[in-house]
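Data block below; observations after.
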C-alpha cells in the first residue's frame, strides 16, 4: 500500500491529466520552477496545504474537494465491483 505522500502525488498527476492542465500551470500557481513541481509530483517533496489550496483553482475546485481526491488510494477502485 502506498503512503500518503505517494498517493497524493500520483493523484495530483492524474487530476492534471483529467483537467488537461500542465506542470507549467502548477508552476505558475505556486510561483516556482518546473523542477520544484516535478519533485512534488514524483513524491520527492511532500505537498503542503498551501500548495493544495493554490492548485485547487487550477483544477476548477475548492481546496477541500482537491484534498479529498488527493488522499483517496487509486488502487482502492479495484475493490469495487459494478
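Read-outs: derived from the displayed coordinates by stated rules, not from any lab. Predicted model, so just to flag it, every value in this text is computed and none were measured. So basically every Cβ, Gly included, is an ideal-geometry build from the backbone, and we count neighbours across all protein chains shown.
Under the 0.36 nm per residue contour assumption, what length would be gained going from the current alpha-carbon distance of residue 35 and residue 23 to full extension? Mind showing how you got there, number by number?
Numbers: separation 12, 0.36 × 12 = 4.32 nm, distance 0.95 nm.
Separation in residues times 0.36 nm, less the Cα-Cα distance, equals 3.4 nm.
Evaluate the distance, in nm, between pseudo-label points positioned 7 Å from the Cα of residue 49 and of residue 4 along their respective Cα→Cβ axes.
Calculated label separation equals 1.1 nm.
I need the Debye-formula profile for the chain: one equal scatterer per C-alpha, no solvent, reported as log10 I(q)/I(0) at q = 0.20 1/Å, two decimals.
Debye output, listed in q order: -0.85.
Given the -39500 (n - 2.57) contribution per DSSP H run of 4+ residues, what per-residue ellipticity at 222 nm results for the chain, rounded to the nearest 500 deg cm²/dmol?
Result for the chain, helices only: -16000 deg cm²/dmol.
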